[in-house]
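See structure below.
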Amino acid sequence: MKLAIAAAAVLLAACQTMPAESQIATAQLKPTTGSKAFGEATFEQVGDKVKVFVFVQGLKPGQEHGLHIHEAGDCSSGDGMSAKGHFNPFAKPHGNPMSGEHRAGDLPALKANKRGRANIQVEMEGISVTPGAASIIGRGLIVHAGPDDYRTQPTGNAGARLACGVIRLN
């Protein structure tokens, strides 16, 4: 009996130190009217950060493209404008997500290779796959035609929307 209680205590302690199962969300990026860009994204909650994996193809070779999470998970308009503006739950200015103040929806740019393919793998703070103000579930993911200058308010001057996807919890 004492052995069973001791074993149960050890197992309970082990369960408390194991990391919780991660939450994963995905988005299937589909081209807007006149675009050939498409791809996929995965968002994995790991502690207070989200690992972001994005792969897009059909881009202009050698071109840099702005990448943002937008307010609405609505890709019904042909131009991607139904996704509304950048996701900004904390009323921050648009900026570089790798340095300084920025909106939750500001992500690092995609850089297309000579075959028109681009990918990023980055850990982001300020967004979440779990419920709360920073949750990206049900939001739109947009690939833009041009580079993000990380200065121009409110959009970064990244141009037209080439691909749109809705971020959904798996």
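The values are calculated or read from the model by the stated rules, or taken from the named source; none is laboratory data. The structure displayed is predicted, hence computed values, not measured ones. Don't worry about glycine lacking a Cβ; one is built from the backbone with ideal geometry, like all the others, and counts go over all protein chains shown.
Numerical summary
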item: Index of the failed condition, THR33 passing every other in (1) modelled with pLDDT of 95 or more; (2) under 15 Å from the mean Cα position of the chain (by Cα); result: (2)
item: Pick from segment 39-66, criterion acidic (Asp, Glu) and under 13 Å from the mean Cα position of the chain (by Cα), ranking: surrounded by the fewest Cβ atoms within 10 Å (Cβ to Cβ); result: GLU40
item: Counted residues, segment 137-150 - those being under 16 Å from PRO108 (Cα atoms), outside any strand (DSSP E or B) and in contact (Cβ under 8 Å) with a residue 24 or more places away in the chain; result: 5
item: Residue list for segment 131-166, restricted to those being of a type in the set (S, T, N, Q) and modelled with pLDDT of 95 or more; result: SER135
item: Positions within segment 97-113 being farther than 14 Å from GLY126 by Cα and either surrounded by 14 or more Cβ atoms within 10 Å (Cβ to Cβ) or among the aliphatic types (A, V, I, L, M) (or both), in sequence order; result: ALA109, LEU110, LYS111, ALA112
item: Residues (in contact with an Asp or Glu (Cβ under 8 Å, 6 or more places away or on another chain) and in a loop (DSSP other than H, G, I, E, B)) located in segment 156-170; result: GLY156, ASN157, ALA158, ALA160
item: Test for THR155: is it in contact (Cβ under 8 Å) with a residue 60 or more places away in the chain, β-branched (Val, Ile, Thr) and more than 21 Å from LYS51 (Cβ to Cβ); result: yes
item: Wholly within segment 37-136, strands (runs of 3 or more DSSP E) carrying at least 2 residues that are of a type in the set (Asp, Glu); result: 38-46
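Yes/no matrix, rows are residues, columns are (1) polar (S, T, N, Q); (2) closer than 20 Å to PRO154 by Cα:
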position	(1), (2)
LYS51	no, no
VAL54	no, no
LEU59	no, no
GLU64	no, yes
ILE69	no, yes
ASN96	yes, yes
LEU110	no, yes
ILE120	no, no
